[in-house]
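Reviewing the structure listed below.
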Amino acid sequence: MSDIEHIKEKVLSNQRLNPDDALVLFDQAELLQLADLAGQRRRDLHPEPVVTFVSDRNINYTNVCVSGCKFCAFFRPPGHKDGYVIETSDLDKKIEETIALGGTQILLQGGMHPELDLNYYINLLQYIKSRFKIHIHGFSPTEIAYLADLSSLSINKILEKLIEAGLDSIPGGGAEILVDEIRHKISPNKCSAEKWLEVMKTAHHLGLKTTATMMFGHVEGKKHIIEHLLKLRKLQDETAGFTAFIPWSFQPDNTKIDVRPATAVEYLRVLAISRLVLDNIENLQVSWVTQGDKIAQLGLAFGANDFGSTMIEENVVAAAGVKFRLPKSEIIRLIENAGYTARQRDCFYNVITAS
Ligand code: SF4
C-alpha cells in the first residue's frame, strides 16, 4: 500500500495523523484527493450540510504599536501623525451600527501601545458592557502578553482582570507561525510561540474559549506549518478551549516582506491539511477576507464548515490592499449557492437564527 493509501485508510477509520502523514499529504497528495479526505473528516464532525457565519465588526481600538512586524501594513509607531486611540463617541457609533445590523459580537483588537495600561483596558471593557449587550471577542495573546510585561503582572492576573471587566473570549491573532525561527524573521518583537500558547492555555483554564489562527505564505516551509498545527492540537488535547481554526494567507502589499502571495491552490491545500491534522478542533473557517468569495466557497469542499464573519468593518487586511466586502445577504447566498444551508451563529458556534 502506498503512503497515501495508508493515510487515506487512517482518515477513513478516524485515526489520528502523525507528522509524517501530514508531510506526505502536503508533498504528494493530489488536490482533489485532499478535498476528498478533508471533506470526509468534515462530514464526520458535521454530518449536516450546514455552514455557519457570525455577524460582527472588527473594532481596532488603536493602531499604535511598537512591534513593527514586517508583514503589517496597519500599525503606526508611537508619535506618528496617523496614530490613533479610539474616541468614545466613535466606539459608541460603531457598536450601535453593529447592533442595528444584527451583529452579536465585536472583535476588539489593537497593537502593542506602550502608553495604554491595564486600567485603560479595564475601563474600555467596563464601558462597553455598561452600555451595550454585545459579546466582546477581544485582545490577541500578543496584546495580552505585552500588557502583562508592561504591568509586571502574570498572564493569569491580567486575564482575571480582563474577564472581570467583561472580556468574553479571545481571538487567535498574532499566532502567525508558531515556530520561533520564523517569528524572529517576520515579527521579532512579538511574543514567542511558547508565550502565545501559554496565554491560550491560561485563558482556557480560566474558562475562556478562544480561536486559533495561522498566517502562512511568507518565509515558512511546509514543516513549519505542520509544527504549528501540531502545537495547537497538543494544547487542544489538554484544554479543549479552541472553538475554531482559521488559516489565512499573507497579503504582501504595503508590507516589508517581498514574496508572491500564496495561490488559491496553496490556500486550499493548507485548509485541507488543517482539517485533517486538527482532528480535535471542531470548526474550520474559510477566509473570504483574504481569498475572495469564490475561493471561500471552494474552501467548503476542502474541509471548512464556517464562513467566518460578515465583518461590518475590517482594517488590518484592508491596509495591505485587500478589500473584499460581503454583506450578510451575500454570505448567505454564497453558502447556499455552494450547496449548503446557511445559519447565523454566536461566538461559541451555537446557531442563533434560522436564516
Ligand atoms: S501585526 Fe499587530 S503586533 Fe504586529 S505590528 Fe501589526 S499591530 Fe503591531
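Quick note: the coordinates plus some simple rules give every number you see, no bench work behind them. These numbers come from a predicted model, not from an experiment. Using ideal geometry, Cβ is built from the backbone for each residue, glycine included, and neighbour counts are taken over all protein chains shown.
Details
- Residues within region 172-200 that are within 16 Å of the chain's Cα centre (by Cα) and away from the ligand (no atom under 16 Å from the Cβ), tallied: 2
- Residues (under 19 Å from ILE312 (Cβ atoms) and surrounded by fewer than 12 Cβ atoms within 10 Å (Cβ to Cβ)) located in region 77-87: GLU87
- The condition (being surrounded by 15 or more Cβ atoms within 10 Å (Cβ to Cβ), aromatic (Phe, Trp, Tyr) and closer than 23 Å to MET112 by Cα) is satisfied by just one residue among PHE74, PHE53: PHE74.
- The lone exception for CYS191 - which of (1) assigned to a helix (DSSP H, G or I); (2) crowded, with 24+ Cβ neighbours inside 10 Å it fails: (1)
- Region 107-131 residues that are closer than 18 Å to CYS72 by Cα, paired with ones that are more than 16 Å from the ligand (Cβ to nearest atom) and among the β-branched types (Val, Ile, Thr) (beta carbon under 7 Å, 6 or more apart): LEU108/ILE136
- The residue list LEU37, LEU17 contains one member that is assigned to a loop (DSSP other than H, G, I, E, B), under 25 Å from the mean Cα position of the chain (by Cα) and crowded, with 18+ Cβ neighbours inside 10 Å, which is LEU17.
- Among the candidates VAL64, VAL50, VAL54, residue that is within 16 Å of the ligand (Cβ to nearest atom) and either out of contact with any helix residue (DSSP H, G or I) (no Cβ under 6 Å at 6 or more places or on another chain) or not aliphatic (A, V, I, L, M) (or both): VAL64
Yes/no matrix, rows are residues, columns are (1) farther than 25 Å from CYS69 by Cα; (2) crowded, with 19+ Cβ neighbours inside 10 Å:
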position	(1), (2)
MET215	no, yes
GLU220	no, yes
ASP237	yes, no
PHE245	no, yes
GLU266	no, no
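So that you can scan it fast, the table gives a plain yes or no per residue for (1) more than 15 Å from the chain's Cα centre (by Cα); (2) farther than 21 Å from ASN14 by Cβ:
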site: THR213; (1), (2): no, yes
site: LEU232; (1), (2): no, no
site: GLY241; (1), (2): no, yes
site: ALA244; (1), (2): no, no
site: ASN254; (1), (2): yes, yes
site: SER287; (1), (2): no, yes
site: GLY292; (1), (2): yes, yes
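- Test result for PHE216, in contact with a Phe, Trp or Tyr (Cβ under 8 Å, 6 or more places away or on another chain), within 28 Å of ALA296 (Cβ to Cβ) and aromatic (Phe, Trp, Tyr): yes
- Being away from the ligand (no atom under 16 Å from the Cβ) and under 30 Å from PRO261 (Cβ atoms) is a property that does not hold for GLU164.
- Among the candidates ASP92, ASP44, the residue that is surrounded by fewer than 21 Cβ atoms within 10 Å (Cβ to Cβ), more than 16 Å from the ligand (Cβ to nearest atom) and under 22 Å from PHE348 (Cα atoms) is uniquely ASP44.
- Residue within region 39-53 that is closer than 22 Å to GLN251 by Cβ and of a type in the set (A, V, I, L, M, F, W, C) present: yes
- Which listed residue is part of a helix (DSSP H, G or I) and out of contact with any Phe, Trp or Tyr (no Cβ under 8 Å at 6 or more places or on another chain), from ARG233, ARG269: ARG233
- Region 138-187: number of residues that are farther than 30 Å from ILE226 by Cβ, touching a strand residue (DSSP E or B) at 6+ places or on another chain (Cβ under 7 Å) and surrounded by fewer than 22 Cβ atoms within 10 Å (Cβ to Cβ): 2
- Residue in region 132-151 that is away from the ligand (no atom under 16 Å from the Cβ), under 28 Å from LEU178 (Cβ atoms) and free of Cβ contacts under 8 Å to residues at least 24 places away in the same chain present: no
- LEU25 passes every criterion in (1) within 23 Å of the chain's Cα centre (by Cα); (2) not in a loop (DSSP other than H, G, I, E, B) apart from (1).
- Residue under evaluation GLN105, criteria (1) over 16 Å from the mean Cα position of the chain (by Cα); (2) surrounded by fewer than 21 Cβ atoms within 10 Å (Cβ to Cβ); (3) not basic (Lys, Arg), criterion not met: (1)
- Subset of region 67-89 [more than 9 Å from the ligand (Cβ to nearest atom) and hydroxyl-bearing (Ser, Thr, Tyr)]: TYR84, THR88, SER89
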